[in-house]
Amino acid sequence: MLERIEDKRIVKPLGWLRRNGETEEDRTYADKLYRRTLFDLWTRHVAKTGQTYYPPLDDELTEEHQLLIDQDEN
């Protein structure tokens, strides 16, 4: 039986690519894609439920805020 090319492909999570991309450009692209995907999920969540609180986005924003505070202190 022939093995399909799709079956040979190793799929890594987007978070893995954000941390381990071969080049800075790969990591930057993965980060932009992650943020766009997270925002898209949030907008769907708001449209479906009417709630603006979306835990994954809240976690991301809190982490980003803390990084900015830490940078300002140093």
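The values are calculated or read from the model by the stated rules, or taken from the named source; none is laboratory data. Quick caveat, the model's predicted, so the values are computed rather than measured. The area values use the complete protein model at the heavy-atom level, side chains included, leaving out ligands, DNA and RNA. Shrake-Rupley method; radii C 1.70, N 1.55, O 1.52, S 1.80 Å.
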Mean residue ellipticity at 222 nm from the helices of the chain, using -39,500 (n - 2.57) per DSSP H segment of n ≥ 4 over the full residue count, to the nearest 500 deg cm²/dmol? -24500 deg cm²/dmol
Going residue by residue through the range 58-74, the Karplus relation 6.51 cos²θ - 1.76 cosθ + 1.60 with θ = phi - 60° gives ³J(HN,Hα) values, rounded to whole Hz and with x marking Gly or Pro, of 4, 4, 5, 5, 5, 5, 4, 4, 5, 4, 5, 4, 4, 5, 5, 6, 8
Accessible area of the chain divided out per residue, in Å², using a probe of 1.4 angstrom: 91
The alpha-carbon pair-distance distribution computed for the range 26-74, with 5 angstrom bins and whole-percent values, is 4, 20, 18, 22, 18, 11, 5, 1, 0
Mean separation of Cα contacts under 8 Å, 6 or more apart, over the residue count of the range 7-74: relative contact order %: 17
